[in-house]
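**Q** Dropping a structure here in structure tokens format, bear with me for questions.
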Amino acid sequence: MHEVSIALGMIDELTRLARENNAKKITNVKLRIGKLSGIVTDSLIFAFDAIKPEFPILASALISIEEVPLVYECRKCGKAFETDNLSFTSCPVCESYSLKLVSGEEQYIENLEVET
Ligand SMILES: [Zn+2]
């Protein structure tokens, strides 16, 4: 499962952030995950919950994920639009395929609450 390696990478980063902040415990973690990242958010939460007991600093952390919609902006007419179509998207107004990705590739830790 792809999400296990992503969870492990995030746990590495979380552990580092906790040390930098002299935290004893991480209590809440908020992630932002874009639709285009290819991450299945339920699987990521499952993987995270399965792994966290091995990391005392994270053992009681609650994880929440904010899914970021896939948004493109048309280079031709400037229309910005949201879509669920991960491939071959065209502008709903002028049907151009010349699109700029506005959001949807996010994959990062947005917020962290700790106990010191
Ligand atoms: Zn357009």
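**Q** To the nearest 20 debye, what charge dipole does the stretch 2-108 have about its Cα centre, counting +1 at the Cβ of each Lys and Arg and -1 at the Cβ of each Asp and Glu?
**A** Values: 12 positive and 15 negative charges, 70 e Å.
Result for the stretch 2-108 is approximately 340 debye, rounded to the nearest 20.
**Q** Any idea how far apart F46 and C77 come out in nm if each label point goes 7 Å out from Cα toward Cβ?
**A** 4.1 nm
**Q** Would you work out the relative contact order for the chain, in percent, from Cα pairs under 8 angstrom that are 6 or more residues apart?
**A** Numbers: 213 pairs, mean separation 42.0, N = 116.
Worked out over the chain, it gives 36 percent.
**Q** Also, I was wondering about something else. Using only Cα atoms and rounding to the nearest 10 degrees, what angle (0 to 90) does helix 41-51 make with the longest principal axis of the chain?
**A** Approximately 20 degrees, to the nearest ten.
**Q** Output the 0 to 90 degree angle, nearest 10, between the alpha-carbon long axis of helix 2-20 and the longest principal axis computed from the alpha carbons of the chain.
**A** 60 degrees
**Q** Taking the Cα-to-Cβ direction at V93 and at R32 and moving 7 Å from each Cα, how far apart do the two end points lie in nm?
**A** 2.5 nm
Values in this text are rule-based calculations from the coordinates and carry no lab data. Everything numeric in this text was worked out from a predicted model, so none of it was measured. Neighbour counts run over all protein chains shown; Cβ positions are idealised from the backbone, glycine included.
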